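Peer 1: Let me give you the structure first, and then I'll get to my questions.
The values are calculated or read from the model by the stated rules, or taken from the named source; none is laboratory data. Predicted model, so just to flag it, every value in this text is computed and none were measured. All Cβ positions, even for glycine, are placed from backbone atoms using ideal geometry, and neighbour counts span all protein chains on display.
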Amino acid sequence: MEKGGTMTNNISPIKEKERLIAIDVMRGISILGIFLVNIFAFTTPYLYVDQAEYAETKFDQWAYQFVDIFVQASFYPLFAFLFGYGLFILKNRIEDRNKSFRPLAVRRFSLLILFGFLHAVLLWPGDILFVYGVCGLLSLLFIQLSPKALTSISITAYTLFFGFITLLSVISEKLGLMDDYYESLIPLANAVTDIYQSDSFIEITFQRFIDWKSVNIDGYIEIIFAVLPFVLLGIAAGKSKKFAVTERNRRFFKKVLLIALPIGLFLKGMPYLLGGSFVFEVIQDYFGGAILAAAYILIIFLLVKDKETFFSRSFANVGKMSLSNYLIQSIICSTLFYGYGFGWFMKVSYSNLILFVLVIYFLQIIFSSIWLRKFRFGPFEWILRSFTYWRVQIMKIN
């Protein structure tokens, strides 16, 4: 591989296509992982309770523990990484057309921020689009840097910030500050539950705004440090051609996977292996989640073969419509779980929620496959793309 991004001669057009399939497969699997985490939040006052306490039966406990270890805090970093990778690809495409990238990017991320705010207030407060839009704008300050510089900045910033957060958690636990934390929130959790179970769309909308604000506005520093480093790592991966399918890359990824997977699983399982501890939970999420996300990226890259399969195509179709599928999940869940809809809030067990997610995701695989036979983009992708290029995009496949 030459400096400046020139691809080596041993990468055939088929191999380059495999790279694109792998990225879409990762997006599709990320949408499933994010949904598995989000579904518990759709049916509980998640900001005010320990969600593990709502696992009443053994099946519910197993369902929660599975998501907590293998999914929680691992798929938003993966999706942020892919967001950064996609940003770099978009930059190349725009500049290949002799157009200025920054005005189009600013327009794209501004609309994404608007999408995110409306999504949070009207559908679900756990939105990720707003922060991705903000981090997209911030990434423009770094996008010209070399892959090595981007990687160094990302890993250093993330490690230092969340290392400091871990240190604070150790101090808090030593002083006993976390002992009665969730108990102090019980009255608030009950009040929030009453609101989400009510049939008042206005009250629920106002509560969604409060919940969204507490994470995205009041805690903006933490949320930016949790997402932006992975966006920059995605840009670095795009610049360095790390997803170009060569034997050298495969050998390197296999070696890294042998290290990342066991470490990630151990860190994610710390609260269960070493006993409940607030410190272990912090390490589990911020360090275990990130390392396991890296392992998932490597696993998917290594599993996607030269020839497109039914398995890879199914996930890839969902990934090509990741924005639309993400919002469709929220539309469905907002309608089913909140009081102005079917009122399932706090009424569905964790094990049944997992089954619900798998059914909806299976239907999304079918929907995405049918849609993409007739249209080039998902409906929300089409809006975002048209706004980005400031021109109505051709939607239908001739």
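Peer 1: Which residues, taken from segment 208-224, are among the aromatic types (F, W, Y) and either under 15 Å from S74 (Cα atoms) or surrounded by fewer than 18 Cβ atoms within 10 Å (Cβ to Cβ) (or both)? Working first, answer last.
Peer 2: Filtering segment 208-224 for residues among the aromatic types (F, W, Y) gives 209, 212, 220.
Those that are among the aromatic types (F, W, Y) and either under 15 Å from S74 (Cα atoms) or surrounded by fewer than 18 Cβ atoms within 10 Å (Cβ to Cβ) (or both): F209, Y220.
The rows are residues; the columns are (1) farther than 15 Å from L233 by Cα; (2) surrounded by fewer than 21 Cβ atoms within 10 Å (Cβ to Cβ); (3) over 18 Å from the mean Cα position of the chain (by Cα).
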| site | (1), (2), (3) |
| --- | --- |
| T44 | yes, no, yes |
| D60 | yes, yes, yes |
| V71 | yes, yes, no |
| L82 | no, no, no |
| I94 | yes, yes, yes |
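Peer 1: Can you name the condition, by its number, that I354 falls short on among (1) more than 24 Å from V256 (Cα to Cα); (2) modelled with pLDDT of 95 or more; (3) in contact with a Phe, Trp or Tyr (Cβ under 7 Å, 6 or more places away or on another chain); (4) in a helix (DSSP H, G or I)?
Peer 2: (3)
Peer 1: Could you say whether any residue in segment 161-182 is surrounded by fewer than 20 Cβ atoms within 10 Å (Cβ to Cβ) and on the phi > 0 side of the Ramachandran plot?
Peer 2: yes
Peer 1: Can you name every residue in segment 190-204 that is surrounded by fewer than 16 Cβ atoms within 10 Å (Cβ to Cβ) and in contact with a helix residue (DSSP H, G or I) (Cβ under 8 Å, 6 or more places away or on another chain)? First the steps, then the outcome.
Peer 2: The first filter runs over segment 190-204 and keeps only residues surrounded by fewer than 16 Cβ atoms within 10 Å (Cβ to Cβ), leaving 190-191, 194, 199-203.
E203 - this is the single residue of segment 190-204 that is surrounded by fewer than 16 Cβ atoms within 10 Å (Cβ to Cβ) and in contact with a helix residue (DSSP H, G or I) (Cβ under 8 Å, 6 or more places away or on another chain).
Peer 1: Please work out which residue is modelled with the highest pLDDT, limiting yourself to segment 168-216 and to residues that are closer than 14 Å to V49 by Cα and hydroxyl-bearing (S, T, Y).
Peer 2: By that ranking, first place goes to T193.
Peer 1: Additional query: May I ask you to list pairs of residues, at least six apart or on different chains, whose Cβ atoms are under 8 Å apart, with the first in segment 383-398 being at pLDDT below 90 and the second being part of a loop (DSSP other than H, G, I, E, B)?
Peer 2: Short answer, once both residue conditions are applied: I397/R376.
Peer 1: A follow-up question, please. Please tell me if K255 is without any contact (Cβ under 8 Å) to a residue 12 or more places away in the chain, touching a Phe, Trp or Tyr at 6+ places or on another chain (Cβ under 9 Å) and within 19 Å of L302 (Cα to Cα). First the steps, then the outcome.
Peer 2: Details: without any contact (Cβ under 8 Å) to a residue 12 or more places away in the chain: yes; touching a Phe, Trp or Tyr at 6+ places or on another chain (Cβ under 9 Å): no; within 19 Å of L302 (Cα to Cα): yes.
No, not satisfied.
Peer 1: Only one of S368, S334 is of a type in the set (S, T, Y), part of a helix (DSSP H, G or I) and touching a Leu at 6+ places or on another chain (Cβ under 9 Å); which? Before you say what the answer is, go through the steps one by one.
Peer 2: Details: S368 fails: touching a Leu at 6+ places or on another chain (Cβ under 9 Å).
Sole residue among the options that is of a type in the set (S, T, Y), part of a helix (DSSP H, G or I) and touching a Leu at 6+ places or on another chain (Cβ under 9 Å): S334.
Peer 1: Could you check L298 against (1) modelled with pLDDT of 95 or more; (2) buried (at least 16 other Cβ atoms within 10 Å of the Cβ) and say which number it fails?
Peer 2: Failed condition: (1).
Peer 1: Moving to a separate point now. G116 is checked against (1) in contact with a Phe, Trp or Tyr (Cβ under 8 Å, 6 or more places away or on another chain); (2) in contact (Cβ under 8 Å) with a residue 24 or more places away in the chain and fails just one. What number does that condition carry?
Peer 2: Exception for G116: condition (2).
Peer 1: Would you please name the residue that is surrounded by the most Cβ atoms within 10 Å (Cβ to Cβ), looking only at residues in segment 239-252 that are touching a residue at least 12 places away in the same chain (Cβ under 8 Å) and under 22 Å from T159 (Cβ atoms)?
Peer 2: Looking at the filtered set, the residue picked out is K239.
Peer 1: For segment 128-183, what are the residues that are of a type in the set (A, V, I, L, M) and within 29 Å of N325 (Cβ to Cβ)?
Peer 2: I128, L129, V131, V134, L137, L138, L140, I143, L150
Peer 1: Of the conditions (1) more than 30 Å from A295 (Cβ to Cβ); (2) touching a residue at least 60 places away in the same chain (Cβ under 8 Å); (3) touching a Phe, Trp or Tyr at 6+ places or on another chain (Cβ under 8 Å), Q65 fails just one. Which one is it?
Peer 2: (1)
Peer 1: List every residue pair whose Cβ atoms sit under 8 Å apart, with the two residues 6 or more apart in sequence or on different chains, where the first one lies in segment 364-378 and is without any contact (Cβ under 8 Å) to a residue 12 or more places away in the chain and the second, anywhere, is outside any helix (DSSP H, G or I) and surrounded by fewer than 16 Cβ atoms within 10 Å (Cβ to Cβ).
Peer 2: Note: no pairs meet the criteria.
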